[in-house]
Structure formats: C-alpha cells, structure tokens
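*Asks:* Once you've had a glance at the structure underneath, I'll fire off some questions.
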Amino acid sequence: MSATEKVLTGKTAFVTGASRGIGRAIALRLAADGAKVALNFASNGAKAEAVKAEIESAGGSAMLVQGDVSDFATVTGLVKKIVDDWGRLDILINNAGITRDNLLLKMSEDDFDKVIATNLKGVFNCTKAVTKLMMRQRGGRIVNMSSVVGLKGNISQTNYAAAKAGIIGFTKSVARELASRGVTVNAVAPGLINTDMTAALSEKVKEVMLQEIPAGRMGTPEDVANAVAFLVSDQAAYITGQVLSVDGGLVM
Ligand code: NAP
C-alpha cells in the first residue's frame, strides 16, 4: 500500500505529539494518504507549524491543536474543535510521550507521576474523548504508541515501562469494548527509533542496543508510520487488540 493511493480520503485524524519524531512522520503519512490531520503538540509551536506547512504544501489539510494530553478538560476541548471544524473524527493516534529516566533508587515521585500522566493517562484522556463519537459513527481507528520497553522492561525506565505496558492492557480492554461498533484499537511497539527522544542517549548506550537488533540498524519514524498507516486503513478492519512490534526483530 503506497502513500499515493489516498486510501484515507474523506477521513479525519487526530495525532498527538505530532510536532516531531514519530508523530510528525505519522501525520505526514496520514495526510499523504488523504486524511485531514489535526496536529497536537505540547509547546513546540514552530515545529508543529512546519509540519502543517509541509502537509499543506503537498495539497493536504491540517490544523494545529496545541494542548497537554495529560489534562482531560484540555483534550475534550481539542476533540470538540476538530469535530466542530471537520464534522467527524475517524482516526486517533495516541503518540505523545516523554521520558524521565533514572534508576528506581534515584527516581523521584514527580518523575514517575509525570511519565504516567503523559504517557498513560494521556492515552485514557484522548481515547475517552473520542469514544462516544466513534461509537456513534459506527467506525474508527485508534492506535496507541507503546514500546518494546513495555514488553521487556528496561533499566532506568520503571516509569516509562509501567506506562507502556499499561497502554497494552488499556488497548486490549478498549478493543474488546468497541469491537462490535466497528472501532479497532491496536498498539504499536517501536524499538530504537531515530528521534529527539533517542538522540538524548549516549553513543555507547545506542551501540549496545544496536547489537541486540537483528536488523542491525535503528528504525526511522517512517518505519513506524508505515505500520500505523496499515492499521488505520480499511485493510486492517479485522485486526484489533493487537500489539505490532516495529523493532527490526529486537523482541521476538
Ligand atoms: P519525541 O521526538 O520526543 O516527540 C515527542 C512528541 O510528544 C512531541 O511532539 C511533543 O510535543 C509531544 N508531547 C510531549 N509531551 C506532551 C504532552 N503532555 N501533551 C502533548 N504532546 C506532548 O518522541 P518520539 O521519539 O517521536 O516518540 C513518540 C512516541 O513513540 C512516544 O510515545 C514514545 O514513547 C514512543 N516510542 C519512541 C521510541 C523511540 O525510540 N524514539 C521507541 C518506542 C516508543 P513538543 O514538540 O511540543 O514538545
């Protein structure tokens, strides 16, 4: 399935954390596939504007919906704006995420709470905000960004691993609740992907991680966007409650 087929024409999408990295690549891909895309971000307005401009210069439609996904009232307002402007919402990509890494011995309560609030409660907030609408529409696609870390754990990431594993349980539960209404809910578990988030890792840590990846390379944001594009397409109508690893074979 190539991006030139415009398989999402007439659909609208809400992508959280779309200003950079994986969310940016997903937004560009869904727009290339024909969807109108609402671009959420926390604070990086210039980067989000650049994504919007890139979509528009390619002939697509986008709007900016800034706001903190960890705040339920904020998220409800963003979804209302999308539906007021575009009349419908077909696709939700829960991608926004942060890290606050530290060994458990040194991790502060605040570092734990912030990561759970953004990475896990953010997914609850956005999903809850769209659920009634998608049920009424009798169709929808929700894709939640988990991580290989949610599957296998990682030193210095107890907060992040707990959130990402929590997303998997959440995904399977909502998938069961919404399946009869034509709404699919899946998770994607990226491995080591080249973004600002992983740019923060030392070269030494990245080298060690690379040795564990059978494909022998880091993934690109586009590798993840390709998987998401499939999961939101009509071709994935009978796939729900699944976790799709996009990790070069890191977890198998
Ligand atoms: P990134 O480059 O750091 O980008 C994070 C994005 O999330 C930005 O758009 C940021 O907005 C947004 N964001 C952060 N906190 C937010 C909040 N409270 N409300 C709304 N938006 C918020 O991250 P990435 O590497 O692309 O990761 C994207 C997702 O994939 C995350 O969920 C991450 O955990 C997951 N993931 C990444 C990897 C990897 O190797 N990179 C692997 C597995 C899973 P601003 O630009 O405004 O700050």
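*Asks:* Quick test for you: out of 243, 224, 228, 185, pick the one residue that is more than 18 Å from residue 127 (Cα to Cα) and not hydroxyl-bearing (Ser, Thr, Tyr).
*Replies:* Details: 243 fails: more than 18 Å from residue 127 (Cα to Cα); 228 fails: more than 18 Å from residue 127 (Cα to Cα); 185 fails: more than 18 Å from residue 127 (Cα to Cα).
On inspection, the qualifying residue turns out to be 224.
*Asks:* Could you tell me how many of the residues in region 38-50 are in a loop (DSSP other than H, G, I, E, B) and buried (at least 22 other Cβ atoms within 10 Å of the Cβ)? Before the answer, list the steps.
*Replies:* Looking only at region 38-50, we keep the residues that are in a loop (DSSP other than H, G, I, E, B), and these are 42-44.
Narrowing the set further to residues that are buried (at least 22 other Cβ atoms within 10 Å of the Cβ) leaves none.
Adding up the residues that qualify gives 0.
*Asks:* Within region 193-209, is even one residue part of a helix (DSSP H, G or I), more than 16 Å from the ligand (Cβ to nearest atom) and closer than 20 Å to residue 127 by Cβ?
*Replies:* Residues of region 193-209 that are part of a helix (DSSP H, G or I), as a first pass: 196-199, 203-209.
Filter once more, so that each one left must be more than 16 Å from the ligand (Cβ to nearest atom): 204.
Pick out the ones that are also closer than 20 Å to residue 127 by Cβ and you get none.
No, region 193-209 contains no residue that is part of a helix (DSSP H, G or I), more than 16 Å from the ligand (Cβ to nearest atom) and closer than 20 Å to residue 127 by Cβ.
*Asks:* Given the structure, is residue 152 within 21 Å of residue 243 (Cβ to Cβ) and either among the acidic types (Asp, Glu) or out of contact with any strand residue (DSSP E or B) (no Cβ under 8 Å at 6 or more places or on another chain) (or both)? Break it down into steps so the answer makes sense when it comes.
*Replies:* On the way: within 21 Å of residue 243 (Cβ to Cβ): yes; either among the acidic types (Asp, Glu) or out of contact with any strand residue (DSSP E or B) (no Cβ under 8 Å at 6 or more places or on another chain) (or both): yes.
When the stated conditions are applied, residue 152 passes them.
*Asks:* Kindly indicate whether residue 179 is surrounded by 14 or more Cβ atoms within 10 Å (Cβ to Cβ), away from the ligand (no atom under 14 Å from the Cβ), at pLDDT 95 or above and assigned to a helix (DSSP H, G or I).
*Replies:* Details: surrounded by 14 or more Cβ atoms within 10 Å (Cβ to Cβ): yes; away from the ligand (no atom under 14 Å from the Cβ): yes; at pLDDT 95 or above: yes; assigned to a helix (DSSP H, G or I): yes.
So residue 179 fits the description; yes.
*Asks:* So, in region 51-65, of the ones that are part of a helix (DSSP H, G or I) and without any contact (Cβ under 8 Å) to a residue 12 or more places away in the chain, which residue ends up nearest to residue 18 (Cα to Cα)? Talk me through it step by step, then tell me what you get.
*Replies:* Initially, region 51-65 is screened for residues part of a helix (DSSP H, G or I), giving 51-57.
Of the ones still in play, those that are also without any contact (Cβ under 8 Å) to a residue 12 or more places away in the chain are 53, 56-57.
On the way: 53: 13, 56: 15, 57: 17 Å.
Within region 51-65, the match that is nearest to residue 18 (Cα to Cα) is 53.
*Asks:* Next up: Which residue, of 57, 61, 108, is more than 25 Å from residue 174 (Cα to Cα) and open to solvent by 80 Å² or more (accessible area, probe 1.4 Å)?
*Replies:* Numbers: 61 fails: open to solvent by 80 Å² or more (accessible area, probe 1.4 Å); 108 fails: open to solvent by 80 Å² or more (accessible area, probe 1.4 Å).
Being more than 25 Å from residue 174 (Cα to Cα) and open to solvent by 80 Å² or more (accessible area, probe 1.4 Å) holds for just one of 57, 61, 108, which is 57.
*Asks:* Go through region 131-147 and give me each residue that's of a type in the set (A, V, I, L, M, F, W, C) and surrounded by fewer than 23 Cβ atoms within 10 Å (Cβ to Cβ). Spell out how you get there, then give the answer.
*Replies:* As a first pass, look at region 131-147 and keep what is of a type in the set (A, V, I, L, M, F, W, C): 133-135, 142-143, 145.
Result: 133, 135.
*Asks:* For region 66-100, enumerate the residues that are over 20 Å from the mean Cα position of the chain (by Cα) and part of a loop (DSSP other than H, G, I, E, B).
*Replies:* Scanning region 66-100 gives a single hit, 87.
*Asks:* In region 198-232, which residues are under 19 Å from residue 150 (Cβ atoms), of a type in the set (A, V, I, L, M, F, W, C) and either in contact with a helix residue (DSSP H, G or I) (Cβ under 6 Å, 6 or more places away or on another chain) or modelled with pLDDT of 95 or more (or both)?
*Replies:* Listed by number, the residues that qualify are 213, 218, 224, 227, 228, 231.
*Asks:* Let me ask you something else. Just give me the residues in region 28-81 being of a type in the set (S, T, N, Q), within 20 Å of residue 131 (Cβ to Cβ) and in contact with a Lys or Arg (Cβ under 7 Å, 6 or more places away or on another chain), in sequence order. Quick ask: steps written out before the conclusion?
*Replies:* Quick first cut of region 28-81, residues of a type in the set (S, T, N, Q) only: 40, 43-44, 57, 61, 66, 70, 74, 76.
Then drop every residue that is not within 20 Å of residue 131 (Cβ to Cβ), which leaves 40, 70, 74, 76.
Hit for region 28-81 is 70, nothing else.
*Asks:* Out of the residues in region 14-26 that are open to solvent by 10 Å² or more (accessible area, probe 1.4 Å) and assigned to a helix (DSSP H, G or I), state the one that is nearest to residue 74 (Cα to Cα).
*Replies:* The selected residue is 24.
*Asks:* Can I ask one more? Within region 233-247, can you find the residues that are surrounded by 12 or more Cβ atoms within 10 Å (Cβ to Cβ), under 20 Å from residue 13 (Cβ atoms) and among the small types (Gly, Ala, Ser)?
*Replies:* Of everything in region 233-247, those that are surrounded by 12 or more Cβ atoms within 10 Å (Cβ to Cβ), under 20 Å from residue 13 (Cβ atoms) and among the small types (Gly, Ala, Ser) turn out to be 233, 236.
*Asks:* Residue by residue through region 138-164, note down the ones that are out of contact with any Gly (no Cβ under 8 Å at 6 or more places or on another chain) and away from the ligand (no atom under 15 Å from the Cβ).
*Replies:* Once the filter is applied, which keeps residues that are out of contact with any Gly (no Cβ under 8 Å at 6 or more places or on another chain) and away from the ligand (no atom under 15 Å from the Cβ), region 138-164 yields 141, 155.
*Asks:* While we're on this one: It is to be established whether one or more residues within region 3-13 are of a type in the set (S, T, N, Q), part of a loop (DSSP other than H, G, I, E, B), touching a Gly at 6+ places or on another chain (Cβ under 8 Å) and open to solvent by less than 30 Å² (accessible area, probe 1.4 Å).
*Replies:* First, pick out the residues of region 3-13 that are of a type in the set (S, T, N, Q): 4, 9, 12.
Keeping just the survivors that are part of a loop (DSSP other than H, G, I, E, B) gives 9.
Right, trim to touching a Gly at 6+ places or on another chain (Cβ under 8 Å) and you get 9.
From what is left, the residues that are open to solvent by less than 30 Å² (accessible area, probe 1.4 Å) are none.
So far as region 3-13 goes, no, none of its residues is of a type in the set (S, T, N, Q), part of a loop (DSSP other than H, G, I, E, B), touching a Gly at 6+ places or on another chain (Cβ under 8 Å) and open to solvent by less than 30 Å² (accessible area, probe 1.4 Å).
*Asks:* Within region 70-77, can one find any residue that is touching a residue at least 12 places away in the same chain (Cβ under 8 Å), among the acidic types (Asp, Glu) and within 14 Å of the ligand (Cβ to nearest atom)?
*Replies:* Taking every residue of region 70-77 in turn, at least one turns out to be touching a residue at least 12 places away in the same chain (Cβ under 8 Å), among the acidic types (Asp, Glu) and within 14 Å of the ligand (Cβ to nearest atom).
*Asks:* Here is a follow-up. Going residue by residue through region 27-37, is there one that turns out to be in a helix (DSSP H, G or I) and near the ligand (Cβ under 9 Å from one of its atoms)? Reasoning before the result, please.
*Replies:* Looking only at region 27-37, we keep the residues that are in a helix (DSSP H, G or I), and these are 27-32.
Narrowing further to those that are near the ligand (Cβ under 9 Å from one of its atoms): none.
There is no residue in region 27-37 that is in a helix (DSSP H, G or I) and near the ligand (Cβ under 9 Å from one of its atoms).
The values are calculated or read from the model by the stated rules, or taken from the named source; none is laboratory data. All values derive from a computational prediction rather than experimental measurement. Virtual Cβ from ideal backbone geometry, glycine too; neighbours counted across all protein chains shown. In case anyone asks, the SASA skips ligands and DNA or RNA and just uses the protein heavy atoms, side chains included. Shrake-Rupley method; radii C 1.70, N 1.55, O 1.52, S 1.80 Å.
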